[in-house]
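Worksheet: the structure to be examined is printed underneath.
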Amino acid sequence: MALSSTRRVGACRSREAPQRAGDGAARPDWPGPVEAHGTGAGPRLYDRPVNYELFMGEALAEAQLAQDEGEPPCAAVAVVDEAMVARARDRVRETGDPTAHAVMGAIREAARRLGRERLADVTIFTTIEPCPMCVGALLQADIETLVFAAPDLANGAAGGAVQLAQSAGLPRRLRVVSGIRREEVEELRSRVVVRATSNGRPTAS
Ligand SMILES: [Zn+2]
């Protein structure tokens, strides 16, 4: 990826002092935290610039793996202070666990690696707008910011189908950034449709 071509498209406010994850040596497939570059101005404690496109690119790569495995092209990464601390993809078909969604996996992995259940300083990047279960988990984890690429008008709970992420009836709300690298995710989705029509049954939903 040409880091110089990435652009800064917004800013994230961090409520807590930033924390770094470990070196990732415990997991052989874990490449270690990915540092964001090309963010222009130097880091500030608050109103910190976030390289949305870089981290969405990590989610996109994971989504491609999910699709290769016959899962929906849905993947998520968790980022703290410009470092990626977790990555996950849908594993429902692989595990037979209906809750094995990408966002759930990223939340669980981030909490495990950070050693705490409150994740206010974590930003979740996901390729597809999360479902009500996943938005509920984001709210329960006290996560402040959700970034997604493509809306899900059938199941999305950040305004696509229902609005749970910013409900006035709940004690917490998510800051939502959408549309980051949407075209690439839509392209992945379209490949699922083409494959489904070519062999008569869908390979992902
Ligand atoms: Zn979900």
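Per-residue answers, yes or no, for (1) modelled with pLDDT of 95 or more; (2) closer than 21 Å to residue 144 by Cα; (3) touching a strand residue (DSSP E or B) at 6+ places or on another chain (Cβ under 8 Å):
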{"site": "31", "(1), (2), (3)": "no, no, no"}
{"site": "77", "(1), (2), (3)": "yes, yes, yes"}
{"site": "85", "(1), (2), (3)": "yes, yes, yes"}
{"site": "91", "(1), (2), (3)": "yes, no, no"}
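Looking only at the stretch 145-159, which residues are more than 10 Å from the ligand (Cβ to nearest atom) and either in a helix (DSSP H, G or I) or in contact with a strand residue (DSSP E or B) (Cβ under 9 Å, 6 or more places away or on another chain) (or both)?
145, 146, 147, 148, 149, 150, 151, 158, 159
In the stretch 166-193, which residues are of a type in the set (Gly, Ala, Ser) and part of a helix (DSSP H, G or I)?
190
Scan the stretch 70-123 for residues that are of a type in the set (A, V, I, L, M) and either within 16 Å of the ligand (Cβ to nearest atom) or under 20 Å from residue 156 (Cα atoms) (or both) and report the count.
Qualifying residue count, the stretch 70-123: 14.
Select from the stretch 158-190 the residues that are in contact with a Pro (Cβ under 9 Å, 6 or more places away or on another chain) and closer than 16 Å to residue 75 by Cα and write down the one among them that is surrounded by the most Cβ atoms within 10 Å (Cβ to Cβ).
Filtering first and then ranking leaves 185.
Residues that are surrounded by 21 or more Cβ atoms within 10 Å (Cβ to Cβ) and in contact (Cβ under 8 Å) with a residue 12 or more places away in the chain: find the helices (runs of 4 or more DSSP H) completely inside the stretch 78-144 holding 2 or more of those.
102-114, 132-140
The values are calculated or read from the model by the stated rules, or taken from the named source; none is laboratory data. Predicted, not measured: the structure shown is a model, and the values here were computed from it. Cβ: placed from backbone, ideal geometry, glycine included. Neighbour counts: every protein chain shown.
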